[in-house]
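The values are calculated or read from the model by the stated rules, or taken from the named source; none is laboratory data. If you're wondering where the values come from, they're calculated on a predicted model, not measured in any experiment. All Cβ positions, glycine included, derive from the backbone under ideal geometry; neighbour counts span all protein chains shown.
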Amino acid sequence: MTKRLITDSSEWSFPLLERFDREIAERAHNVYGLDTYANQVEVISSEQMIDAYSSVGLPIYYQHWSFGKQFVATEQTYRRGQMGLAYEIVINSDPCIAYLMEENSLPMQALVIAHASYGHNSFFKGNYLFRTWTSADAIIDYLVFARKYIAQCEERYGHEEVELLLDSCHALMNHGVDRYKRPAPLSMAEEQRRQLERETYLQYQVNDLWRTLPRQEGSAEEGGEIRWPEEPQENLLYFIEKNAPLLEPWQREVVRIVRKIGQYFYPQRQTQVMNEGWATFWHYTLLNHLYDDGLVSDGFMMEFLQSHTSVVLQPPFDAPYYNGINPYALGFAMMRDIRRICESPTEEDRYWFPDFAGGDWKKVLDFAMRNFKDESFIAQFLSPTLMRDFHLFAICDDDREEHLNVTAIHEEQGYRALRQALAEQYNLGTREPNIQVFSVDRRGDRSMTLRHFTHNRRPLGDSVEEMLRHIRRLWGFAVRLESVDEQGRVQLVGEAI
Amino acid sequence: MSHFIDRRLNGRNKSTVNRQRFLKRYKTQLKRAVADAVNKRSITDIDSGEKVGIPSRDISEPVFHHGKGGVRDMVHPGNREFMRGDKIRRPEGGSGEGSGQGKAGKGGTGEDDFVFELSREEFLDLLFDDLELPNLVRNQLIGTTEFKTVRAGYATQGAPTNIDVVRSLKGAIARRTALGAPSRARIRELEEEIEGLLATGIGEDDIQVRERREEIDRLKTRIAALPFIDTFDLRYQSFVKQPEPTSKAVMLCIMDVSGSMDQVRKNLAKRFFILLYLFLQRNYDKIEVVFIRHHTIAQEVDEQEFFYSRETGGTVVSSALNLAYEVVSERYDPSVWNIYAAQASDGDNWDSDSGVCRDILMQQIMPLMRYYAYVEITPRQHQSLWYAYQEVMAAHAHFAMQQIDGTDDIYPVFRELFKRQDV
């Protein structure tokens, strides 16, 4: 093949970006079979990037002081030079919106296009969590609606009031997700929404909690001590939205907005390693492909590899800048490893991965991308080779013992335990406290009892008091938090009356 | 196919509202931080923005999270020496090799204050929040004695120097065109008739032709007689005077530099003057500062000398007041200038002089002033000057005095002097 460099300049221009995009898209779609949403690539300045940061990357968001705080913090660290900005932000929407910073050089822009517009994009479209939990085509509309609605509420009920409500909702944002139920589509037409609001209103009119007429003695159920809700509820925000007796309809709608947006981010929190690994793997593969085809120069590749390697750097645990396992590094290594296992499996690989060792790597990777989240992905695909490469070791920190205990290292006897431990580290269920609505005293003081189901005796952090006050504000009546240990013993942790 | 959009020209400050909300929410904490900052930092750079810190716990957004304790399994990379079953000493502080939580990584400031920079405007807003310049309203109402000359189109009358030549000549051309138009039309008509007549074979001498030629000549004379320029055409540039609210202020800094004022006290005074200067700057476009220092005699000096030169000797405050009065009456017409004065002293004065000071102030200076602030920098008991000034204060609402003990007092005292006066 003759050399047919696209360019040897490192300055980008719109025609060049389009050209790169065309070349990358052709390979991504035709050679590697990536399925993506349409792409929308927006070039922005670094200030705008900081803006985008502070609204969690969403192109439009309602207004709240905490985003201002985020903005101030980001701006500060950026100005001091303590932190470079991300080269890109990508949003799970259809079309998939990716931001490029104007300061990036051409190789960086190409990397970002491959990474975000084809890597992340295909992940958003394919992964089961995103398919189940988010509707990419509706999110932007929903955000526009949310912003307008909250602005209206501020006008009508005052900034303060809305801000307090949002504070409390934000505190519970991570507890506003149904983990097992498929949610309704995020956005809906205006009419449907209105209807829903009325429904909610009616529901709360007939709510048992609201009933003030004393029951006739005779009709009271046996014992009268049926716990309500019958099943513990893990979705605190949903429970509050539907059942808090004193919330106004608009307040319910605000709770709902925060809940819906929290839900939108829920898959992201569970697929960090996979998502970044997938995107990194594809920018690496795609740009190398361009190089193999002679489209880009050596200088281009050097610059690209320089950024790439710094992204996938994994410092060892005793390095001063060690900050946990780098999801880019782990994810990228695992994706590459899967390809290696398919293309040139060793005996060990055949023993560990009989299903796909020697198989078609594109199919295996596609399968993995579609059907797993971090926890299960690691449990399924982390190979002994990688554990050795990363020199992984597991430590058990038991506060009853004086020393930390090394429970497994990268050796034959340790592989399974190590893999299990690492997978568990990415299990949201253990990472975040498991707190559920246990009961509500409907006949009495309407107080709500929450239960924290402890795992490995890990207690709650010091934010409990404040959190209870937030929940109290939403619920409107006293809130109690109990913790249940593994033996089923119940203990009162805190109370907000 | 991908769609490329250039968003760089879109607004950059999408987060401004959120930033403002953040500042508003933490106004109390910020004000405290700003007040601390004023007292701490060196005076020369008070004009710039300021880094302020708010305790992180005040602005944290709580979520349920796990605390310390219990059993935790962690996986780390980079093992070199450990074997299964090894016991490792628990690292201090919970981070590091054992439980690399990496808390300190975020933002680099760890668990400390949430530190960020306020712009100069934000800083000054917070610094002077709830303060107001006494008598500012009055300034704006009565301060309209200064005029600014502005163009106001053209007038038909005026001084010859203001004649607008171009405009006048344009008018003349128009007039001549207008007045000559009927004659010229008639001439054209006549010429056409002559041509028509000639075409029928009639000679030049024919009566009809001659009559017409004569009429043309008459008309041409009439056109020529139109004046090239007429008084009617003249246009004058018109200027009117617009009253302008005064936005000029002069600040008189009066300081005692006698032997008893040491450098520490001078620094305190300087801070006070600078606060006042900044505060005035927010309210006036233009500020002049006059430095008057005195011991037994008063001098007008420049800033450097004012703050740093060393003098010794006794104290006669009235000398400075006299000089101040002279300076004002010579250079600063009170109808044009808003005059503020700040006096700093340790309170020492010749006993017999205090009464003189009181009289000068009451009779000469105070009527000229917008505001007169006196700060006494002394931890000791008040002396005669203070009591003399108390009489002034009783008589004049725009006279204020406070005592400063140390650095920490300056800002509160300043606030006290300029706090918003409820009407």
request  = Can you work out which of the residues in the stretch A:368-412 that are more than 20 Å from A:Arg269 (Cα to Cα) and in a helix (DSSP H, G or I) is nearest to the other protein chains (Cβ to nearest Cβ)?
outcome  = A:Phe390
message = So for the stretch A:354-374 (the condition being small (Gly, Ala, Ser), under 22 Å from A:His455 (Cβ atoms) and in contact (Cβ under 8 Å) with a residue 12 or more places away in the chain), does at least one residue qualify?
response = no
message = I want to confirm something. Restricting to the stretch B:349-360 and keeping residues that are among the acidic types (Asp, Glu) and surrounded by fewer than 20 Cβ atoms within 10 Å (Cβ to Cβ), which single residue is modelled with the highest pLDDT?
response = B:Asp359
Residue count for the stretch A:132-174, restricted to those that are of a type in the set (D, E, K, R), exposed (fewer than 15 other Cβ atoms within 10 Å of the Cβ) and either under 16 Å from A:Val258 (Cβ atoms) or at pLDDT below 90 (or both) = 3
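For the stretch A:287-314, which positions are away from chain B (no Cβ under 14 Å), part of a loop (DSSP other than H, G, I, E, B) and within 17 Å of A:His115 (Cβ to Cβ)?
A:Val296, the sole residue that qualifies.
Conditions tested, residue by residue: (1) in contact (Cβ under 8 Å) with a residue 60 or more places away in the chain; (2) exposed (fewer than 12 other Cβ atoms within 10 Å of the Cβ).
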| residue | (1), (2) |
| --- | --- |
| B:Val150 | yes, yes |
| B:Gly158 | yes, no |
| B:Glu195 | no, yes |
| B:Thr200 | no, yes |
| B:Glu215 | no, no |
task = Kindly list, by first and then second residue, each pair from a residue in the stretch A:442-464 that is facing chain B (nearest Cβ under 7 Å) and farther than 12 Å from B:Phe64 by Cβ to a residue that is surrounded by 16 or more Cβ atoms within 10 Å (Cβ to Cβ) and of a type in the set (Ser, Thr, Tyr), limited to pairs with Cβ atoms under 8 Å and residues at least 6 apart or on different chains.
result = A:Asn456/A:Thr430
remark   = How many residues of the stretch B:1-28 are assigned to a helix (DSSP H, G or I), within 12 Å of chain A (Cβ to nearest Cβ) and not hydrophobic (A, V, I, L, M, F, W, C)? The answer is 8
key: Filtered residues of the stretch A:15-63 (kept if of a type in the set (D, E, K, R), part of a helix (DSSP H, G or I) and either within 22 Å of the chain's Cα centre (by Cα) or facing chain B (nearest Cβ under 9 Å) (or both))   = A:Glu18, A:Asp21, A:Arg22, A:Glu47, A:Asp51
ask   = For residues in the stretch B:363-402 being within 19 Å of B:Glu326 (Cα to Cα) and over 28 Å from the mean Cα position of the chain (by Cα), which is surrounded by the fewest Cβ atoms within 10 Å (Cβ to Cβ)?
value = B:Gln363
ask   = In the stretch A:445-467, what count of residues is obtained for those that are touching a His at 6+ places or on another chain (Cβ under 7 Å) and of a type in the set (Ser, Thr, Tyr)?
value = 1
remark   = If we ask which residues in the stretch A:226-275 are over 25 Å from the mean Cα position of the chain (by Cα) and among the acidic types (Asp, Glu), their number turns out to be 3
ask   = On the given criteria, is B:Ser238 within 15 Å of B:Ser309 (Cα to Cα) and touching a Gly at 6+ places or on another chain (Cβ under 6 Å)?
value = no
note = Condition set in contact (Cβ under 8 Å) with a residue 24 or more places away in the chain and at the interface with chain A (Cβ under 7 Å from one of its Cβ atoms), scope the stretch B:62-90, selection nearest to A:Gly461 (Cα to Cα): answer is B:Arg72
query = Looking at A:Glu402, is it surrounded by 17 or more Cβ atoms within 10 Å (Cβ to Cβ), acidic (Asp, Glu) and closer than 30 Å to A:Val493 by Cβ?
reply = no
request  = Could you give me the residue pairs with C-beta distances under 8 Å whose first residue belongs to the stretch A:398-424 and is on the phi > 0 side of the Ramachandran plot, whose second residue is part of a loop (DSSP other than H, G, I, E, B) and among the acidic types (Asp, Glu) wherever it lies, and which are 6+ apart or on separate chains?
outcome  = none
ask   = Yes or no: B:Leu278 within 58 Å of the chain's Cα centre (by Cα), at pLDDT below 80 and closer than 30 Å to B:Glu326 by Cβ?
value = yes
ask   = Applying the selection to the stretch A:316-338, what residues are on the phi < 0 side of the Ramachandran plot and modelled with pLDDT under 90?
value = A:Phe317, A:Asp318, A:Ala319, A:Pro320, A:Tyr321, A:Tyr322, A:Asn323
key: Residues satisfying the stated conditions in the stretch A:64-80, i.e. at the interface with chain B (Cβ under 9 Å from one of its Cβ atoms) and among the aromatic types (Phe, Trp, Tyr)   = A:Trp65, A:Phe67, A:Phe71
request  = Could you list all residues from the stretch A:315-347 that are part of a helix (DSSP H, G or I) and among the hydroxyl-bearing types (Ser, Thr, Tyr)?
outcome  = A:Tyr328
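Every residue, every condition in (1) charged (D, E, K, R); (2) in a helix (DSSP H, G or I), yes or no:
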residue: A:Ala98; (1), (2): no, no
residue: A:Pro107; (1), (2): no, yes
residue: A:His115; (1), (2): no, yes
residue: A:Lys125; (1), (2): yes, yes
residue: A:Arg131; (1), (2): yes, yes
residue: A:Ala151; (1), (2): no, yes
residue: A:Arg156; (1), (2): yes, yes
residue: A:Glu161; (1), (2): yes, yes
ask   = Would you call A:Asn434 closer than 21 Å to A:Met173 by Cα and among the polar types (S, T, N, Q)?
value = yes
query = Quick check: is even one residue across the stretch A:416-431 buried (at least 17 other Cβ atoms within 10 Å of the Cβ) and charged (D, E, K, R)?
reply = yes
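Considering each of A:Gly262, A:Gly299 in turn, give the residue that is farther than 21 Å from A:Leu365 by Cα, surrounded by 18 or more Cβ atoms within 10 Å (Cβ to Cβ) and touching a residue at least 12 places away in the same chain (Cβ under 8 Å).
Numbers: A:Gly299 fails: surrounded by 18 or more Cβ atoms within 10 Å (Cβ to Cβ).
Only one candidate qualifies: A:Gly262.
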request  = Please enumerate the residues belonging to the stretch B:217-240 that are loosely packed, with under 13 Cβ neighbours inside 10 Å and among the hydroxyl-bearing types (Ser, Thr, Tyr).
outcome  = B:Thr221, B:Thr231
